[in-house]
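Undergrad: Please read through the structure below; I'll follow up with questions.
The values are calculated or read from the model by the stated rules, or taken from the named source; none is laboratory data. All figures in this text were calculated on a predicted structure; none of them were measured in a lab. Methodologically, a virtual Cβ is constructed for each residue, glycine included, from the backbone with ideal geometry; neighbour enumeration extends over all protein chains shown. Only protein heavy atoms, including side chains, enter the accessible area calculation; ligands, DNA and RNA are left aside. Shrake-Rupley method; radii C 1.70, N 1.55, O 1.52, S 1.80 Å.
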Amino acid sequence: MAAKTLLFTSGKGGVGKTTCTANIGVALAAQDSNMNVCMIDMDIGLRNLDIQLGLENRIVYNLVDVIEGSCKVRQALVKDKRLPNLALLPAAQTRDKTSVSPEQMVNLVNELREMFDLILIDCPAGIEQGFHNSAAAADEAIVVTTAEMSAVRDADRVIGLLEANPRKINSWLLVNRLRASMVKTHDMMSVDDVIEILGIKLLGVIPEDEKIIVSTNKGEPLSLNATKVIGAGQAFRNVAMRLTGVEVPLMDIYGESQNIFIKQFNKLKSLIKFK
Amino acid sequence: MIGLLGWLTGPPKDVSSREEAKKRLQLTIFHDRMEVMELPAERLNDLRNELMEVIAKYFEIDINRTECTLEQDDREVAFVANIPVKRVRAGG
């Protein structure tokens, strides 16, 4: 039962890759206590997944220590006390991306595949070695983008690189930080626009939500205790459910009264089914 | 009130920034993809000329009305040539 490995990538930095990885990982572990989830921070030198998860004080060893043989992989894994079936393999903070090769990553992930049911890799920004190391070990990719021009352009580049990989890695679209009010006034591209441009299947839409900042401040991913029905926390949970094969309609980010948008979203619903 | 009016009358008549973003992005990404495929404009022109030479062996074509473009559908790019044929050349 080798675990599937999903890569969270975007090309551009600052679109919310780490936030999406943390929240979706937590939601996956929370929805099924029998599913063992491992998250790997590949941003060597600029690690942040640990703070998003509130696990920064519990790191002893890191990914580079494991690769270099300074410790066993089990020693480097940080278990989440809130969710015993969730573990983080932290990045090294004082090294750089060249400390690891794609072959070493493949071997490391293969070892983890036997220990977990699902592996999420948080890819660093850019398309250099950190990206190649991450892609080498991934089965499928979740391309995170906002509905902004530079983010979408960089997402297209990343999708192209994943397609060009000899293993032809499939990409799913995750639109993050959507500002419904601006889409309504035609001041921002819609999810439909982004799908049309990128030409890949939609996995989910995460609305802009101020609560994300508060939850990061506390080191408690929003998807862990979100109570709002319409908000980023629930949207992340919906994505987690889709990843496990449950069909979940898109959240009504635009509000009930905007019938024209609901129609557009209903059209999209048929597109959304992961595997 | 203005917001409500805007909603009732639909998108503004002049091009919205959303439309502008979409158009600029589509064009930029198309060029990005061509660059990745290492097919600059002059190479495309060479292809067109060589193609015409070959086709002209078999058909008499209207060279001024030929159109060669790259079109994209989802993530696939297609080379589309529209070549009006006047008559078939005799086999030789």
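Undergrad: Looking at (1) closer than 25 Å to A:Asn170 by Cβ; (2) open to solvent by less than 100 Å² (accessible area, probe 1.4 Å); (3) in a loop (DSSP other than H, G, I, E, B), find the lone condition where B:Phe30 falls short.
TA: That leaves (3) as the condition not met.
Undergrad: Just to be sure, is A:Asp117 within 14 Å of chain B (Cβ to nearest Cβ), buried (at least 17 other Cβ atoms within 10 Å of the Cβ) and charged (D, E, K, R)?
TA: Against the criterion (within 14 Å of chain B (Cβ to nearest Cβ), buried (at least 17 other Cβ atoms within 10 Å of the Cβ) and charged (D, E, K, R)), A:Asp117 does not qualify.
Undergrad: Then there is this: In segment A:139-170, what residues are outside any strand (DSSP E or B) and under 21 Å from A:Ala3 (Cβ atoms)?
TA: If the condition is that a residue be outside any strand (DSSP E or B) and under 21 Å from A:Ala3 (Cβ atoms), then A:Asp139, A:Leu162, A:Asn165, A:Arg167, A:Lys168, A:Ile169 are the ones that fit.
Undergrad: Would you call B:Arg48 more than 30 Å from A:Lys201 (Cα to Cα), within 17 Å of the chain's Cα centre (by Cα), away from chain A (no Cβ under 14 Å) and not β-branched (Val, Ile, Thr)?
TA: Answer is yes for this residue.
Undergrad: Shifting gears a bit: Among all residue pairs at least 6 apart or on different chains, which show Cβ distances below 6 Å where the first residue, located in segment A:205-219, is within 15 Å of A:Met182 (Cα to Cα) and the second is open to solvent by 100 Å² or more (accessible area, probe 1.4 Å)?
TA: A:Glu208/A:Arg177; A:Glu208/A:Arg179
Undergrad: When residues of segment B:65-90 are filtered for being more than 30 Å from A:Leu173 (Cα to Cα), open to solvent by less than 60 Å² (accessible area, probe 1.4 Å) and either free of Cβ contacts under 8 Å to residues at least 12 places away in the same chain or assigned to a strand (DSSP E or B) (or both), how many remain?
TA: Residues in segment B:65-90 being more than 30 Å from A:Leu173 (Cα to Cα), open to solvent by less than 60 Å² (accessible area, probe 1.4 Å) and either free of Cβ contacts under 8 Å to residues at least 12 places away in the same chain or assigned to a strand (DSSP E or B) (or both): 2 in total.
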